[in-house]
Amino acid sequence: MIDLLSLLKDVNAYKTVVGDKKNGKLSHAYLLICPDGDNLEGYLKLFARLLACGEEEPCGNCRNCRLIEEKAHPDVFFYPKGQSVATDDVNSLIEESFVKPIENDKKIFVLNHAETMNATAQNKLLKTLEEPPKGVHIIIGATSEFPLLSTVKSRVKKLEIPPFSRQKLFDALVNDYPDSQRLNSAIACGDGTVGTAVALYGDQNLSDSTDLAISVLRDMKSSADVIEYSVKVSANKGGFNQFLSVIETLLRDLLVYREGKGDLAFNQNTLNKILDAEKFPTGAILYALEGVTEVNKRRKFNANATMVIEWFLFHVLEGKYKWQKL
């Protein structure tokens with residue numbers, strides 16, 4: 001089971017609620033913004049446990065923590081009941097909020113994927129958000145705040161879970177996903193969330209993108225090769241985004257190796273496969289990395305995909321020969 005708490009503990013959002021609890025100033029309503037939709041409920045459970053646990057932080061062992069994790073606590077309610085937060089869910093929350101808690105001194109209501117809540121449901125929730133009954137706490141989770149009404153956002157304390165660093169994700173996931181080379185590649189191509197890293201870990205396309213990137217750096221030697229590799233990159237099932245992320249990671253690993261800091265390489269196993277790319281001195285690596293930056297700029301302006309791919313590959317090849325002569 002992924003240890004989400006180990007990731008969350010260093011996040012300001014978590015520290016804020018820990019401080020609120022310690023000072024006896026828990027907000028009546030929190031809005032948690034987290035782009036990781038696959039694990040949003042897991043983070044919401046952790047915040048609910050934080051509010052309900054008798055310890056300063058969620059212990060994971062007490063009755064409150066265990067029942068919340070199982071979504072079986074009599075004083076903690078999870079919505080939606082269906083695929084999206086409906087008006088009926090909000091009506092149920094409002095009605096239940098006036099009933100006294102059974103076991104604890106507070107009732108906690110968790111609204112997952114609130115970005116699916118329509119305007120009618122949001123408006124119904126406003127009065128409860130502004131003046132909830134005593135002991136009621138509402139935790140709203142959303143992958144984005146933009147679908148939420150400004151009147152809702154003005155009545156909650158906003159918390160955000162930002163993208164995690166590569167090392168933090170690796171440490172949190174390696175026990176469950178032990179192929180370290182594959183995990184490093186998945187994290188490098190991801191967006192800093194657990195959900196994307198896990199999805200990419202199981203994506204065969206990622207291995208194909210990695211092999212293609214290695215071949216470009218190691219074997220591409222002429223203009224004719226550029227045309228051949230352009231076709232391969234265009235046909236790559238992982239897409240150009242994935243290919244570009246992989247090759248950028250390889251270049252950065254090669255750069256730290258060239259600077260005598262190979263132990264800092266993010267993906268050591270993959271790095272070993274390109275160490276024979278002797279035509280890649282430091283200057284050529286930096287030149288290629290500049291190309292990655294330029295490609296990202298060009299793609300924002302909807303440049304022709306095939307032309308961008310060919311430009312990038314020619315740029316990489318140019319750097320190889322330019323720095324060979326210096």
**Asked** Near K134, which aspartates and glutamates are there with a Cα under 12 Å away, not counting those fewer than 8 places off in the same chain?
**Response** D105
**Asked** In square nanometres, what is the average projected area of the Cα convex hull of the range 150-270?
**Response** 10.7 nm²
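So what's the convex hull volume per residue for the Cα atoms of the range 90-168, in Å³?
115 Å³
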**Fill in**
A 1.4 Å probe over the protein heavy atoms gives the range 56-164 a carbon and sulfur accessible-area percentage of 49 percent
**Message:** Leaving ligands and nucleic acids out of the surface, order K71, K25 by accessible area at 1.4 Å, largest first.
**Reply:** K25, K71
**Asked** Which aspartates and glutamates, on any chain, are close to K273 with Cα under 12 Å apart, when same-chain ones fewer than 8 places away are left out?
**Response** D211, D219, D253
**Fill in**
Row for the range 145-193, column shape: gyration tensor on C-alpha, a ≥ b ≥ c, rounded if a/c < 1.5 i.e. under 1.5, prolate if a/b over b/c, else oblate; value prolate
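Given the pairs K21/K158; K45/K106; K127/K153; K158/K297; K22/K127, which are separated by over 23 angstrom at their Cα positions?
Going by Cα-Cα distance, K158/K297; K22/K127 fall outside the 23 Å limit.
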**Prompt:** 222 nm [θ] for the chain, helices only, -39500 (n - 2.57) per DSSP H run of 4+, per residue, to 500?
**Reply:** -17000 deg cm²/dmol
**Leading residue at positive end of dipole, the range 1-117 (Cβ point charges), from Y14, G54, Y43** = G54
**Prompt:** Reachable lysines from K300, Cα under 22 Å, same-chain residues fewer than 8 places away excluded?
**Reply:** K237
**Prompt:** How many percent of the alpha carbon pairs in the chain exceed a separation of 36 Å?
**Reply:** 36 percent
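So for C189, C59, what's the accessible-area order with a 1.4 Å probe, most first?
C59, C189
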**Message:** Run the simple label-point estimate for I227 and V174 please: 7 Å along Cα→C-beta, distance reported in nm.
**Reply:** 4.6 nm
**Per residue solvent-accessible surface (Å²) - the chain, probe of 1.4 Å** = 48 Å²
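The values are calculated or read from the model by the stated rules, or taken from the named source; none is laboratory data. Everything quoted here is computed from the prediction, not taken from an experiment. Because the Cβ atoms are built from the backbone with ideal geometry, glycine has one as well, and the counts that use them run over all protein chains shown. Areas reflect the complete protein model, heavy atoms only, side chains present, ligands, DNA and RNA absent. Shrake-Rupley method; radii C 1.70, N 1.55, O 1.52, S 1.80 Å.
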